[in-house]
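Written below as structure tokens is the structure these notes are about.
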Amino acid sequence: MTETSFTPRVFSGIQPSGNLHLGNYLGALKRFVDMQEAGGYETVYCMVDLHAITVWQDPADLRRSTRELCAGFIASGIDPEKSILINQSQVPEHAQLAWVFNCVARMGWMGRMTQWKDKTAGKNAEAASLGLFAYPSLMAADILIYHATHVPVGEDQKQHLELTRDIATKFNHDYGVDFFPITEPVIEGAATRVMSLRDGSKKMSKSDPSDASRINMTDDADAIAKKIRKAKTDPEPLPSEAAGLAERPEARNLVNIFAALNGQTVDQVLGDFGGRAFSEFKPALAELAVAHLAPISSEMSRLMDNQDEIDRILTRGAERAREITAPILKKTYEIVGMVGPVEL
Ligand code: AQP
């Protein structure tokens with residue numbers, strides 16, 4: 001365990017790799033805003049475009065998705081004055097520290113990552129990019145280049161955060177320093193793993209080929225209501241207690257979404273809806289989802305009509321970020337033995 005005390009600092013990111021969805025909102029964005037507003041932390045939030053290119057991205061689509069994601073952050077409540085809001089490639093120290101971490105992390109650690117295994121399952125892993133394999137090392141650098149102490153993420157990122165801790169521990173041990181913090185994952189709330197609306201065993205994901213499987217942040221009210229109406233469920237009414245959802249993944253998912261959107265516990269939701277049929281529950285859920293997402297989606301389109309403003313926010317965010325990242329990289333290079341002074 002590290003003895004040094006670090007400034008409480010939150011870091012998290014989202015890939016600009018396509019449609020921002022309700023899972024990203026509940027598992028990540030909404031909680032980013034909560035941590036920004038809670039006080040007691042500096043907050044840094046990031047569009048991780050270097051992660052996005054670990055699989056093929058059309059350049060024009062990537063540029064658009066990056067700006068759209070920035071609009072999504074702001075429309076969800078991230079205030080670029082309160083938080084540092086950045087695009088990863090505009091802060092070069094992320095990639096520079098990742099190289100050092102590539103030399104600290106072990107091949108075997110990367111090969112054990114379930115996301116690597118899932119993303120190459122049934123495919124020729126030899127043809128996957130080297131970047132996809134090394135993805136968790138860049139993620140560790142994203143976090144540790146800020147000496148971040150807390151990282152809010154969805155359940156799917158838990159293993160990558162454990163690896164971040166392993167990299168920090170090994171670096172500190174190998175060089176006999178107490179330089180990188182051992183970061184705490186923050187995986188909390190009713191919706192740390194929002195599932196597909198079509199299959200309760202798969203997580204809601206940008207890359208799912210079925211658009212009906214997810215609620216996109218840019219969906220209009222009709223599309224949201226239709227997707228919820230068609231969401232897979234079972235014929236039973238809702239139970240009165242959370243235990244009754246144990247073997248009902250689709251029902252559990254919809255109740256979790258309701259609870260997370262309404263700031264309630266699952267038991268409170270079931271207190272109101274227990275014994276009632278999905279034909280009553282789904283319209284209430286649709287109304288709640290629309291009430292939350294419609295203002296975000298209209299603010300996103302307003303911002304997307306003003307891309308210069310987005311670009312200005314990202315340029316300013318990168319300047320602020322580099323006040324933190326440049327000294328940390330400089331010190332890392334010194335620790336590793338690069339001949340200095342390194343002017344960054
Ligand atoms: N279904 C989900 N439920 C809860 N949280 C989720 N997150 C993603 N999906 C869910 C959280 O959102 C943050 C950003 O994730 P990301 O977009 O950078 O990468 P991802 O986890 O790989 O998301 P996708 O949608 O599944 O993307 P693709 O399909 O491109 O792989 C993270 O905090 C993540 O936990």
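Considering the chain as a Gaussian network with a 10 Å cut-off on Cα pairs, which listed residue, Glu188, Glu250, Glu93, attains the greatest mean-square fluctuation?
Maximum fluctuation in the GNM of the chain, among the listed residues, is at Glu188.
Can you figure out the FRET efficiency of Thr114 with Trp56, using R₀ = 25 Å and their beta-carbon distance, to the nearest 0.05?
That pair, Thr114 with Trp56, gives E of 0.70.
Based on the inverse mean of 1/r over its pairs of different Cα atoms, what is the Kirkwood hydrodynamic radius of the stretch 201-250, in Å?
Kirkwood radius, the stretch 201-250: 12.7 Å.
Among Arg252, Arg312, Arg67, whose mean-square fluctuation peaks in a Gaussian network model of the chain (Cα, cutoff 10 Å)?
Per the Cα network of the chain with a 10 Å cutoff, Arg312 tops the list.
Where nothing but the Cβ of Lys and Arg (+1) and of Asp and Glu (-1) is charged, how large is the charge dipole of the chain around its Cα centre, in debye to the nearest 20?
700
For the chain, what does the relative contact order come out to in percent, with C-alpha contacts under 8 Å and a separation of six or more? Before the final figure, lay out the partial values.
Numbers: 509 pairs, mean separation 78.3, N = 344.
Relative contact order, the chain: 23 percent.
Among DSSP beta bridges whose residues both lie in the chain, state the antiparallel percentage, nearest 5.
10
Starting at 0 and stepping by 20 Å, how many percent of the alpha carbon pairs of the chain end up in each bin?
Calculated over all Cα pairs of the chain, the distribution is 29, 56, 14, 0 percent.
What's the magnitude of the charge dipole for the stretch 64-213 around its Cα centre, counting Lys and Arg as +1 and Asp and Glu as -1 at the beta-carbon? Answer in Debye, nearest 20.
460
Over the stretch 101-186, how many percent of alpha carbon pairs lie in each 5 Å bin up to the one with the longest distance?
In whole percents, the pair-distance histogram is 3, 15, 26, 23, 18, 9, 5, 2, 0.
Using the membrane-span-like helix rule (whole DSSP H runs, Cα extent along the own axis of at least 20 Å, mean Kyte-Doolittle hydropathy at least 0.0), which helices of the chain qualify?
Correct list, ordered by number: 130-144, 278-304.
Give me the distance in nm between label points sitting 7 Å out from Cα along the Cα-to-Cβ direction at Thr7 and Asp178, one decimal.
2.0
Starting from the Cα gyration tensor of the stretch 4-52, multiply each eigenvalue by 5, take the square root, and state the resulting semi-axes largest first in whole Å.
Numbers: eigenvalues 104, 41, 8 Å².
They are 23, 14, 6 Å, listed largest first.
Please list Arg31, Arg63 from largest to smallest accessible area, probe radius 1.4 Å, with all protein chains kept in place. Provide the component values of the computation, followed by the final result.
On the way: Arg31 30, Arg63 140 Å².
The ranking, largest first, comes out as Arg63, Arg31.
For the stretch 245-309, what size does the Cα cloud have along each of its three principal axes, sorted from largest down, in whole Å?
50, 20, 18
On the accessible surface of the stretch 181-307, probed at 1.4 Å, how many percent belong to carbon and sulfur atoms?
48
Charges at C-beta only: +1 for Lys and Arg, -1 for Asp and Glu. How large is the resulting dipole of the stretch 147-256 about its Cα centre, in Debye rounded to 20? Don't jump to the answer; show the numbers that get you there.
On the way: 16 positive and 19 negative charges, 83 e Å.
Around 400 debye, computed over the stretch 147-256.
Where Rh is the Kirkwood radius over the Cα pairs of the stretch 198-344, the temperature 25 °C and the viscosity 0.890 mPa s, what D in µm²/s does Stokes-Einstein return? Before the final figure, lay out each step's value.
Working: Rh = 18.9 Å.
For these conditions, the coefficient is 130 µm²/s.
Could you state the accessible area per residue of the stretch 177-294 in Å², with a 1.4 Å probe and every protein chain left in place? Mind dumping the intermediate values first?
Numbers: 5460 Å² over 118 residues.
Ligands and nucleic acids excluded, the result is 46 Å² per residue.
What is the ratio of the Cα radius of gyration of the stretch 282-344 to 2.2 N^0.38 Å, where N is its residue count, to two decimals?
That works out to 2.02 for the stretch 282-344.
Once you have the Kirkwood Rh of the stretch 172-256 from its Cα pairs, apply Stokes-Einstein at 25 °C and 0.890 mPa s and quote D in µm²/s.
Values: Rh = 15.5 Å.
D, rounded to a whole number, is 158 µm²/s.
Could you sort Trp109, Trp99 by accessible area so the largest value comes first, with the probe set to 1.4 Å?
Trp99, Trp109
The values are calculated or read from the model by the stated rules, or taken from the named source; none is laboratory data. Everything numeric in this text was worked out from a predicted model, so none of it was measured. We place every Cβ from the backbone using ideal geometry, glycine too, and count neighbours over all the protein chains shown. For accessibility, only protein heavy atoms count, side chains too; no ligands or nucleic acids. Shrake-Rupley method; radii C 1.70, N 1.55, O 1.52, S 1.80 Å.
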